[in-house]
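Read the structure below first, then the notes.
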2 protein chains.
Amino acid sequence: MDKVPPRTLSGFMELLPEKQALMEKMLETLRDTYSVCGFAPLDTPAVESAEVLLAKGGGETEKQIYRFSKGDTDLALRFDLTVPLAKYVAANYSRLTFPFRRYQIGKVWRGERAQRGRFREFYQADIDVIGDGKLDILNEAEIPAVIFRAFTAMGLSRFTIRINNRRILNGFFQLSGLTEKAGDIMRAVDKLDKIGSGSVRDILTGELMLDSDLADRVMQFIGFRGTTAETLDFLKGCAGRNQVFDQGLDELVAVAGLLPSLGVSEEHFAIDLTIARGLDYYTGTVYETVIDGHPEIGSICSGGRYDDLAEYYTDKKLPGAGISIGLTRLFYILDEQKLLNESVVTAPADVLVIPMTDNIAVPAATATILRNAGIRTQIYAENKKIKQKLSYADKLGIPFVVLIGEDELKAGVVTVKNMETGEQASKPVALAVNDIKAALNKKDALHIIKE
Amino acid sequence: MDKVPPRTLSGFMELLPEKQALMEKMLETLRDTYSVCGFAPLDTPAVESAEVLLAKGGGETEKQIYRFSKGDTDLALRFDLTVPLAKYVAANYSRLTFPFRRYQIGKVWRGERAQRGRFREFYQADIDVIGDGKLDILNEAEIPAVIFRAFTAMGLSRFTIRINNRRILNGFFQLSGLTEKAGDIMRAVDKLDKIGSGSVRDILTGELMLDSDLADRVMQFIGFRGTTAETLDFLKGCAGRNQVFDQGLDELVAVAGLLPSLGVSEEHFAIDLTIARGLDYYTGTVYETVIDGHPEIGSICSGGRYDDLAEYYTDKKLPGAGISIGLTRLFYILDEQKLLNESVVTAPADVLVIPMTDNIAVPAATATILRNAGIRTQIYAENKKIKQKLSYADKLGIPFVVLIGEDELKAGVVTVKNMETGEQASKPVALAVNDIKAALNKKDALHIIKE
């Protein structure tokens, strides 16, 4: 028979089992963190009506989207989790209780040009809080607090959540007589990390035709560097002259003030007046998250406060705050930077039960006891030599082997071999369960990221 | 602005938060069960090259598949998890350790005619063990044992895993001189539950042109009813005349003999000689799972032993055993049959912290303590009256409220209100954590299915 080459499309991540095990732990950590912070899981279809997905329209999105027909239905794969959320909240408005807090972890698709570290199918892991008409400022502090908790639970410690408020920027631009150019200036400022302050200033004086003094004033304002207290003092010095600015500052003071109560330590957040987020969508607090010492990676988690989630679907005013982790890219980066913890057990089992006689029933019953105790257990019943059986455990990194031969059957015990140390001892199965569980609990405490 | 109606496509399940919470628990139960039985998680792309997905070809699949182009690439959405597994194992053969045990829980897409209880996008939850050239019979017993464990963990108790062996049927047909018609007869037999034995016999004597005696013999053999021991005795009475039959019987004896050691109690499995599975793919043990008393639902979980997983991609002989749960359909059925347990907490949080003064910092810090203790916690900071705040907890079914007003702030305590009983008491936060955890542990023990 002619064979079809078994290939996977480029830009579509498909991991080998060891790496997949780490990815699963990352997904589990996110699910647990989002849950413990009181977000409800949501699952929406991967396929939606193209008309619904593209309600907002817009150039880049429309070009990248996977769109197709089935019968006479015009369909598309979702390209983010925000549009489906907007659709869901608008469609189920009367059945939801607000503020509606949801998390969604799922794949999205974008037909971008494939290149190293860019994916056409990738996981996003989003949280959003949606209000009905209004939404308290506390929510804008909670969002980064959840992200702090998530990254900490993964084992990441050298990261900074950068916070700004769009109103501060908008107010500043009003004060400087730059309101009409504010959007363009913010889009330029958003590139600061990528292209440097010189190039941003060039855009300001060139393309955007600011005079030199005004360009300097913009660069000096957004370039302010200091501790949270220093930055807030600097901003307070600019206050009292513009209502939008003052509201933004009040919000920033509130958010920065609440973060420690929400568990975020001072070294993990910073006010950064360069953060604008390109999207016009955001109206208040905005966030980006960087891995310290790796500016080349850019933001691994971004979001902010918006006033109108679902304006394309409903007249209801639905303000919200949310953030999104590009999980596939993050995993790719962590792997590339060798930040994944190699000590984490990635084996498909904690114990391999090896029958050494024709009696398979006792090993099967032993595996059942181990599984009932929550220990991940395989039985190796293939007809191989003992050396090959042990080699199977070794290759997969299974930490314990339970051997059951003539002697063990006679004495009603099992022999437990620690594959790491080589130690082995015979004991009743109940004792083996306890010993193995105790050893595994230590391993379970390992974080998936090791810096 | 013109609004686009926020609709979800028909045949695509999208649940409200309470139902989604139950679905998540079902997914979690499956992940936990599959893991504890030593299966590695696998994740393959939803989108594959159409050439790869359709390597096997075949009518129905090709008609139902979602197929589309992007640039000049011919793409398709996966329609099951078996073809991607075959591709994965063939592509990564030299990097995998065999037997390779994987589970995959993911969405698949089939553009079927939409009708009640039929989905175009649905979850499959698969386990497979793949051998390299050979695979021990134990694996054919383990697969249904995992399924027993999964359904039991969900709280389902009235179900039966029906087991048969294709070799017994093939051998019987050889003995009856019906080898050439075996495939057709098996496909007819496979419809027994749906159309009844009279209609199956009509197909045998009509379309398949068996004479009346032979048709009776077929119907008597496959229609044998008895306990496991009785059925095995009946089959042993037919043994010794055909090698294929005898091998199938040996395998069935081994599988039935191992199931109790693997934790499957006698009342949850039955040998059923009518089970053939339509696919030519299966070669040994085959399984179907039915909810007792609901023959109209059909099999909720099916699979079996196959000899050649990836013949369209590789010359390597890759025998395996596997089973698949159609999870979206199962969830739909459980919901429709009112078998979902209403006592399970489906709220997005276990505790709602309610600030009753302008002090938000202490409630935020209290929520942080609760979250650090693993208690799912929301803070309600919206500017509403206390009655409305309590009503929020009530609507969402959040079991506990923690109130923090002037008195609590002064005394350094919190007031915990049990929303079910109405009881409330003030106590230090550390004590509140313990009390709430103890109460929640009881609720966590609830199964998602209640019969």
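The values are calculated or read from the model by the stated rules, or taken from the named source; none is laboratory data. Quantities reported herein were computed from a predicted structural model and do not represent experimental measurements. Using ideal geometry, Cβ is built from the backbone for each residue, glycine included, and neighbour counts are taken over all protein chains shown.
Structural remarks
- Of all the criteria given as (1) more than 9 Å from chain A (Cβ to nearest Cβ); (2) under 21 Å from the mean Cα position of the chain (by Cα); (3) not in a helix (DSSP H, G or I), the one not satisfied by B:Ser10 is (2).
- The single condition from (1) surrounded by 22 or more Cβ atoms within 10 Å (Cβ to Cβ); (2) touching a Lys or Arg at 6+ places or on another chain (Cβ under 9 Å) that B:Ala367 fails is (2).
- Elements of type strands (runs of 3 or more DSSP E) contained in the stretch A:95-207, each with 1 or more residues being closer than 27 Å to B:Tyr123 by Cβ: A:100-109, A:121-130
- Residue count for the stretch B:44-77, restricted to those that are at the interface with chain A (Cβ under 9 Å from one of its Cβ atoms) and surrounded by 19 or more Cβ atoms within 10 Å (Cβ to Cβ): 13
- Among the residues of the stretch A:369-393, the ones that are within 36 Å of the chain's Cα centre (by Cα) and either facing another protein chain (nearest Cβ under 7 Å) or closer than 17 Å to A:Asn434 by Cα (or both) come to 11 in all.
- Of all residues in the stretch B:411-426, one or more are in contact with a helix residue (DSSP H, G or I) (Cβ under 9 Å, 6 or more places away or on another chain), surrounded by fewer than 18 Cβ atoms within 10 Å (Cβ to Cβ) and among the β-branched types (Val, Ile, Thr).
- Index of the failed condition, B:Phe151 passing every other in (1) within 30 Å of B:Leu258 (Cβ to Cβ); (2) modelled with pLDDT under 90: (2)
- Here B:Phe224 clears all of (1) outside any helix (DSSP H, G or I); (2) closer than 27 Å to A:Asn359 by Cβ except the condition numbered (2).
- Options A:Leu431, A:Leu370; residue that is more than 30 Å from B:Gly133 (Cα to Cα), of a type outside the set (D, E, K, R), in a helix (DSSP H, G or I) and at pLDDT 95 or above: A:Leu431
- Pick from the stretch A:277-305, criterion part of a loop (DSSP other than H, G, I, E, B) and touching a strand residue (DSSP E or B) at 6+ places or on another chain (Cβ under 7 Å), ranking: farthest from A:Gly133 (Cα to Cα): A:Asp292
- Residue that is farthest from B:Tyr287 (Cα to Cα), among those in the stretch B:89-134 that are within 16 Å of the chain's Cα centre (by Cα) and among the β-branched types (Val, Ile, Thr): B:Val108
- Of the criteria (1) within 20 Å of A:Ala125 (Cβ to Cβ); (2) more than 10 Å from chain B (Cβ to nearest Cβ); (3) more than 23 Å from the chain's Cα centre (by Cα), which one A:Thr29 fails: (3)
- Selection status of B:Thr274, away from every other protein chain (no Cβ under 14 Å), polar (S, T, N, Q) and assigned to a loop (DSSP other than H, G, I, E, B): yes
- B:Ala229 being assigned to a loop (DSSP other than H, G, I, E, B) and at pLDDT 95 or above: no
- Filter pass, A:Ala349 being within 12 Å of chain B (Cβ to nearest Cβ), among the small types (Gly, Ala, Ser) and either in contact with a Cys (Cβ under 8 Å, 6 or more places away or on another chain) or surrounded by fewer than 21 Cβ atoms within 10 Å (Cβ to Cβ) (or both): no
- Filter pass, A:Ala86 being modelled with pLDDT of 95 or more, facing chain B (nearest Cβ under 8 Å), within 30 Å of A:Ile333 (Cβ to Cβ) and over 16 Å from the mean Cα position of the chain (by Cα): yes
- The numbered conditions (1) buried (at least 22 other Cβ atoms within 10 Å of the Cβ); (2) on the phi > 0 side of the Ramachandran plot are all true for A:Ile398 except (2).
- Among residues of the stretch B:28-53 that are on the phi > 0 side of the Ramachandran plot, those with a Cβ under 7 angstrom from a residue that is hydrophobic (A, V, I, L, M, F, W, C) and buried (at least 22 other Cβ atoms within 10 Å of the Cβ), sequence gap 6+ or separate chain, pair up as B:Gly38/A:Ala349.
- Selection of first residues in the stretch B:338-349 that are closer than 21 Å to A:Phe100 by Cα and of second residues that are part of a loop (DSSP other than H, G, I, E, B), restricted to Cβ pairs under 6 Å at least 6 apart or on distinct chains, gives the following pairs, ordered by first then second residue: B:Val344/B:Leu446; B:Val344/B:Ile448; B:Ala347/B:Gly397; B:Ala347/B:Ile398; B:Pro348/A:Gly38; B:Ala349/A:Gly38; B:Ala349/B:Arg376; B:Ala349/B:Ile398.
- Of all residues in the stretch A:99-155, those satisfying the criterion of being charged (D, E, K, R), touching a Ser or Thr at 6+ places or on another chain (Cβ under 9 Å) and closer than 14 Å to A:Arg305 by Cβ are A:Asp128, A:Glu140.
- Residue count for the stretch B:248-291, restricted to those that are polar (S, T, N, Q), crowded, with 19+ Cβ neighbours inside 10 Å and in contact (Cβ under 8 Å) with a residue 24 or more places away in the chain: 3
- Within the stretch A:303-323, the set of residues being surrounded by 21 or more Cβ atoms within 10 Å (Cβ to Cβ) and of a type outside the set (Val, Ile, Thr) comprises A:Gly303, A:Gly304, A:Arg305, A:Tyr306, A:Leu309, A:Ala310, A:Tyr313, A:Leu318, A:Gly320, A:Ala321, A:Gly322.
- Selection from the stretch B:141-166 of residues that are away from chain A (no Cβ under 14 Å), surrounded by fewer than 24 Cβ atoms within 10 Å (Cβ to Cβ) and basic (Lys, Arg): B:Arg158, B:Arg162
- If the condition is being part of a loop (DSSP other than H, G, I, E, B), at pLDDT 95 or above and under 19 Å from B:Pro348 (Cα atoms), then the stretch B:395-428 contributes B:Gly397, B:Ile398, B:Pro399, B:Met419.
- The lone exception for B:Trp109 - which of (1) at the interface with another protein chain (Cβ under 8 Å from one of its Cβ atoms); (2) of a type in the set (Phe, Trp, Tyr); (3) more than 14 Å from B:Leu53 (Cβ to Cβ) it fails: (3)
- Unique residue being in contact (Cβ under 8 Å) with a residue 40 or more places away in the chain, touching a helix residue (DSSP H, G or I) at 6+ places or on another chain (Cβ under 6 Å) and either closer than 21 Å to A:Arg102 by Cα or among the basic types (Lys, Arg) (or both) when the list is A:Arg162, A:Arg158, A:Arg167: A:Arg167
- Considered as a group, the residues in the stretch A:353-364 that are in contact with a helix residue (DSSP H, G or I) (Cβ under 8 Å, 6 or more places away or on another chain) and more than 8 Å from chain B (Cβ to nearest Cβ) include one that is surrounded by the most Cβ atoms within 10 Å (Cβ to Cβ), and that residue is A:Val353.
- Check on B:Gly405, small (Gly, Ala, Ser), in contact with a Phe, Trp or Tyr (Cβ under 7 Å, 6 or more places away or on another chain) and away from every other protein chain (no Cβ under 13 Å): no
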